Amino acid sequence: MPNITVFSGLSKDNTPKGFADCAQIGEIIAEKGYTMICAGASLGCQEKLIQGALSKGGKVIAVTVPMFAHQLQEELKDNAIIVQGEDLSERKSIMKSKADYGYIILPGGPGTLDELWEIISEKAEDINEGRKKQIIIVNTDGFYDPVKHQFLNMNTTFNWKYDEGITFINEPAELNAILSIARGGGAEKHGRRHMRKTKKDKTSKRKTSKRKTK
């Protein structure tokens with residue numbers, strides 16, 4: 001089974017749609033035959049995510065550190081990876097190394113944003129085979145709209161396509177098609193299709209803009 005690493009918030013405070021999206025994402029990952037790598041916590045979105053995957057017979061591997069081991073969901077304790085370290089850096093490294101397909105990012109706080117920007121940087125510079133790994137950002141209720149805006153700023157300012165190979169989805173159902181493509185032709189194939197679509201959209205916008213100028 002290929003692995004997908006999922007980064008998300010752990011807060012017990014979320015919107016009803018936020019919790020529902022987490023559960024549905026877990027279900028889809030399991031139904032498509034992927035192993036889910038996550039923090040494994042019995043809290044907030046992580047709990048819903050894991051319950052969703054397990055309800056569909058999915059395999060979930062938790063990666064955590066000793067200080068958070070007591071938060072592990074009961075079903076995951078036997079095969080959890082407990083990383084020995086004083087901070088979360090080593091845990092993050094292991095979660096990244098296990099992501100053969102890539103990553104799914106759900107709404108979260110500073111920790112999730114740290115994980116998001118690190119994998120984006122690795123993709124941009126092709127560190128740890130970053131360009132081969134897909135990044136899917138679940139934009140529940142527009143949560144990651146500021147990130148999309150920041151991409152636009154960086155692309156315009158530095159003429160660097162930071163968002164190539166990165167997909168934003170607004171609804172979990174969109175993940176079905178993406179993961180079906182990936183299983184059919186591999187993560188790289190999906191990445192190339194997405195990049196072609198991105199370039200086509202941008203070319204179309206430039207042509208439209210020129211017509212309006214004339």
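Candidates 109, 102, 26, 9: the one that is within 23 Å of residue 166 (Cβ to Cβ), of a type outside the set (Phe, Trp, Tyr), in contact with a Ser or Thr (Cβ under 7 Å, 6 or more places away or on another chain) and crowded, with 16+ Cβ neighbours inside 10 Å is 9. Starting from residues that are part of a loop (DSSP other than H, G, I, E, B) and at pLDDT 90 or above, keep the ones in the stretch 6-39 and report whichever is nearest to residue 142 (Cα to Cα). That would be 8.
If you check residue 85 against the conditions, is it modelled with pLDDT of 90 or more, in contact with a helix residue (DSSP H, G or I) (Cβ under 8 Å, 6 or more places away or on another chain), more than 21 Å from residue 32 (Cβ to Cβ) and not in a helix (DSSP H, G or I)?
So residue 85 fails the test.
What residue, among those in the stretch 43-82 that are under 18 Å from residue 99 (Cβ atoms) and part of a loop (DSSP other than H, G, I, E, B), is farthest from the chain's Cα centre (by Cα)? In this case the residue turns out to be 80. Please tell me if residue 130 is without any contact (Cβ under 8 Å) to a residue 60 or more places away in the chain, surrounded by 13 or more Cβ atoms within 10 Å (Cβ to Cβ) and small (Gly, Ala, Ser). It is true that residue 130 is without any contact (Cβ under 8 Å) to a residue 60 or more places away in the chain, surrounded by 13 or more Cβ atoms within 10 Å (Cβ to Cβ) and small (Gly, Ala, Ser). Residue 93 satisfies every condition listed in (1) more than 25 Å from residue 177 (Cα to Cα); (2) assigned to a helix (DSSP H, G or I); (3) touching a residue at least 12 places away in the same chain (Cβ under 8 Å) except (3). Of the residues making up the stretch 111-158, just one is part of a loop (DSSP other than H, G, I, E, B) and among the acidic types (Asp, Glu), namely 126. All conditions in (1) farther than 18 Å from residue 9 by Cα; (2) surrounded by 14 or more Cβ atoms within 10 Å (Cβ to Cβ); (3) in contact with a strand residue (DSSP E or B) (Cβ under 8 Å, 6 or more places away or on another chain) hold for residue 124, with the sole exception of (3). So which residues in the stretch 49-62 are surrounded by fewer than 24 Cβ atoms within 10 Å (Cβ to Cβ) and either touching a strand residue (DSSP E or B) at 6+ places or on another chain (Cβ under 8 Å) or at positive phi (or both)? Across the stretch 49-62, the qualifying residues are 54, 57, 58, 59, 61. Checking each residue in the stretch 151-207 for being over 16 Å from residue 133 (Cα atoms), at pLDDT below 65 and not small (Gly, Ala, Ser) picks out 196, 197, 198, 199, 200, 201, 202, 203, 205, 206, 207. Residue count for the stretch 73-92 under the criterion of being polar (S, T, N, Q), under 23 Å from residue 53 (Cα atoms) and surrounded by fewer than 18 Cβ atoms within 10 Å (Cβ to Cβ): the result is 1.
The values are calculated or read from the model by the stated rules, or taken from the named source; none is laboratory data. Treat the numbers as computed from the prediction; the structure is a model and nothing was measured. Note that each Cβ is placed from the backbone with ideal geometry, even for glycine, and that neighbours are counted across all protein chains shown.
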